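The values are calculated or read from the model by the stated rules, or taken from the named source; none is laboratory data. Here the structure is a predicted model, which means the values were calculated and not measured. Glycine gets a Cβ as well: all are built from the backbone with ideal geometry, and neighbour counts include every protein chain shown. Surface accessibility is based on the protein's heavy atoms, side chains included, excluding ligands, DNA and RNA. Shrake-Rupley method; radii C 1.70, N 1.55, O 1.52, S 1.80 Å.
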Amino acid sequence: MHHFFAEPSGVEDGRIRIEGADAEHMRRVLRMRPGEELLVSDGEGRDYLCRVEKLAEGCVYVRILEEREQDGELPARLWLFQGLPKSDKMDLIVQKAVELGAWSIVPTVTKHAVVKLDKKKEETKIRRWQAIAKSAAEQAKRSRIPQVSGAMSLGKAFAFVREKKFSLCLIPYEEEQGMESMRAALEQLAPGGDVAVFIGPEGGFAQEEIREALEQGVRPVSLGRRILRTETAGLAVLSLLMMKLEGAF
């Protein structure tokens with residue numbers, strides 16, 4: 001079943017109005033017809049089973065058949081603070097992080113990051129990553145579209161999670177020995193809180209960044225005996241957190 005997002009303002013009197021590129025995709029690419037059923041989310045946690053009622057130029061109207069209980073979101077908010085990677089690796093990271101249930105993805109500027117974003121380039125990148133997040137959220141049948149924020153320095157990221165009183169903050173670190181640190185972190189994981197995962201770029205974190213993380217109460221964890229690439233490490237952590245929150249272990 002196809003899944004789309006609509007603005008909350010488009011939900012009114014038992015109908016939903018879908019506009020713009022999504023409406024044109026429904027008409028011209030999917031060639032949907034009146035009577036077809038689809039799932040529509042308002043981006044604020046409400047999901048609706050709907051039936052196509054009317055297709056017009058730039059706008060599609062669907063009738064709400066039933067409101068469904070939200071079941072595509074995790075019971076905790078997972079924030080991925082991703083050190084800026086090279087080339088187009090961030091596209092993959094955003095897509096897969098959304099599929100794994102991330103609440104928000106924050107591009108993070110670290111000492112060893114090769115990529116430097118000026119203001120114009122950053123705005124273009126954020127729009128692209130947000131579009132990827134939307135598409136991934138539709139595919140994964142999420143009830144909301146995770147936000148890809150503007151780039152943030154690592155120091156500001158540490159200050160942000162401290163100010164917001166995150167319940168758990170993790171930083172995979174290659175010199176952390178054994179898996180006990182990860183097991184302990186998973187045991188502490190609980191529904192209802194905010195969880196931060198800090199991932200370094202290709203060159204990893206500098207020693208002073210790790211020291212600052214420890215000073216800020218961020219917990220170093222091991223991901224095993226192998227060194228993972230930056231585009232793999234965050235997804236490995238998110239997978240473990242997702243499975244734990246959904247009761248797999």
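Scanning the chain for long hydrophobic helices, with DSSP H runs required to stretch 15 angstrom or more by C-alpha along their axis and to average at least -1.0 on the Kyte-Doolittle scale, returns 89-99, 230-245. The trypsin sites (Lys or Arg not before Pro) found in region 191-228 that occupy coil by DSSP, while having at most 10 further C-beta atoms within 10 Å, are Arg225, Arg226. For region 16-158, just say rounded, prolate or oblate: build the C-alpha gyration tensor, square-root its eigenvalues into a ≥ b ≥ c, call rounded for a/c under 1.5, and beyond that prolate if a/b exceeds b/c, oblate if not. Note, shape of region 16-158 comes out prolate.
Of all DSSP beta bridges confined to the chain, the antiparallel ones make up roughly 45%. Think of each Lys and Arg Cβ as +1 and each Asp and Glu Cβ as -1; about the Cα centre, that makes the dipole of region 95-135 roughly 180 debye. By the helix-only formula, in which each DSSP H run with n ≥ 4 contributes -39500 (n - 2.57) and the sum is divided by residues, the chain has a 222 nm mean residue ellipticity of -10000 deg cm²/dmol. For region 1-55, the share of DSSP beta bridges that are antiparallel, to the nearest 5, is 70%. Under the classification rounded if a/c is under 1.5, otherwise prolate if a/b is larger than b/c and oblate if not, where does region 54-135 fall, given a ≥ b ≥ c as square roots of the Cα gyration tensor eigenvalues? Taking the square roots of the gyration eigenvalues as a ≥ b ≥ c, region 54-135 is oblate. Between region 77-132 and region 33-68, the alpha-carbon centres lie 31 Å apart.
Classify region 41-85 as rounded, prolate or oblate from the Cα gyration tensor: take a ≥ b ≥ c as the square roots of its eigenvalues, call it rounded if a/c is under 1.5, otherwise prolate when a/b beats b/c and oblate if not. Since a/c reaches 1.5 but b/c is at least a/b, the shape of region 41-85 is classed as oblate. Simple point charges give the picture: +1 on the Cβ of Lys and Arg, -1 on the Cβ of Asp and Glu, and for the chain a dipole about the Cα centre of about 600 debye. Over region 84-130, all Cα pairs binned in 5 Å intervals from 0 give whole-percent P(r) values of 4, 19, 31, 27, 14, 4, listed from short to long. The tail of the calculated P(r) for the chain beyond 29 Å holds 36 percent of all Cα-Cα pairs.
Counting only protein heavy atoms and a probe of 1.4 Å, the accessible surface of the chain is 48% carbon and sulfur. Taking Met179, Met152, Met32 and ordering them by how much accessible surface each has at a 1.4 Å probe, largest first, produces Met179, Met152, Met32. Excluding same-chain neighbours fewer than eight residues apart, the lysines reachable from Lys121 by a Cα-Cα span under 29 Å are Lys86, Lys89, Lys96, Lys111, Lys134, Lys156, Lys164.
Annotation: per residue accessible area for region 1-94 equals 51 Å², rounded to a whole number [probe 1.4 Å, protein chains only].
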